[in-house]
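All remarks here apply to the structure that follows.
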Amino acid sequence: MKSYNPTTPSRRHMQIIEYRRFLSAAEPKKSLTRGKTGTGGRNNRGRITVRHKGGGAKRLLRLVDFKYDKPGVPARILTLEYDPGRSGFIGLVVYKDGEHRYHLMPSGVKIGDEIVSAEKAPLKAGNRRPLHLIPPGTLVYNVEIEPRGGAKFARAAAGRVEILAHEEKHSQLKMPSGEVRRVNKFAWASVGQVSNEERGFMTIGKAGRSRHMGIRPTVRGSAMNPVDHPYGGGEGRAMRGTRRPKNLWGRGTRGVKTRRRKKYSSRLMLSRRK
């Protein structure tokens, strides 16, 4: 992490990641990028469905491969790069047949390392295997839900899933949230954990950086009028005046279950997250 001298109040606590220590390439491979239009948190009718989004620096979308549909073909890591669309680092790999792709990179790999997706692949960072062929206790990332359905779990920075046990048809996995659930044991996963573990210690430091990241300001409910929020109104700073914490629309915000009762995967959950 890089800390700054307190030349201004916002610089006093600002901390960023020293990307030069980890990354090698400044420009992405042009054929693996696409333009990306920001939504500003609006749906197809132009209505805001996700608040506090909008503006920010322009982003170029990297086409990251989560299918890994070239089993048995080894690939060599050419670069380690920054992706503005995700928190972990990505890397450009070249397969033995000459094809280039972007992959999500794990911690501990370096340029020149070889990775492969195969049932008998060595148990080292970046290699992929079916879950039932990975020993319990191993940390994995880029985990599929169904075989060859593409990686879905543990894709954020420092993300990892622990394999607890293997059953007749499923593997028991402990998610980053602490939830324990069953997944088809023939689904594939990559060994290791996602790179950029220090991201959780980053301090944005000032409002301007949040705006560059596309995060718009959030107004506190207690600073509003009674007509605008359940916490609004009162002379000076006032108690929230309601027994349970609520959001802008009066719905509970703490200890309220938001999962659908009939969701298909509920039967696969063994233990809820804390």
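Fewest neighbouring Cβ atoms within 10 Å first, the residues Val73, Val183 line up as Val73, Val183.
For each of His100, His229, count neighbouring Cβ atoms within 10 Å of the residue's Cβ, then give the residues from fewest to most. Mind showing how you got there, number by number?
Working: His100 14, His229 20.
So the residues, fewest neighbours to most, are His100, His229.
Please find the FRET efficiency linking Arg240 to Lys110, where r is the Cβ-Cβ separation and R0 is fixed at 45 Å, and quote it to the nearest 0.05.
Once rounded, the FRET efficiency stands at 0.30.
When a/c is below 1.5 the answer is rounded, else prolate if a/b is larger than b/c, else oblate, so apply that to segment 1-44 with a ≥ b ≥ c taken from the square roots of the Cα gyration tensor eigenvalues. It is oblate, given that a/c is not under 1.5 and a/b is not larger than b/c.
Could you check how many percent of all C-alpha pairs in the chain are farther apart than 30 Å?
On the way: 17143 of 37401 pairs.
Tail of the P(r) past 30 Å holds 46 percent of the pairs.
Please give the FRET efficiency for Lys274 paired with Val219, using the beta carbon to beta carbon distance and R0 = 25 Å, rounded to the nearest 0.05. List each step's numbers first, then the result.
Numbers: r = 30 Å, r/R0 = 1.19.
According to the calculation, E is roughly 0.25.
Listed cross-link partners Lys53/Lys206; Lys58/Lys152; Lys67/Lys263; Lys120/Lys174; Lys67/Lys120; Lys30/Lys58 are compared with a 20 Å cut-off, the Cα-Cα value being larger for Lys58/Lys152; Lys67/Lys263; Lys120/Lys174.
Read the figures in this text as sums done on the coordinates, not as results from a lab. Remember, it's a predicted structure, so these values are computed and weren't measured experimentally. Please note: Cβ atoms are built from the backbone with ideal geometry, for glycine as well, and neighbour counts cover all protein chains shown.
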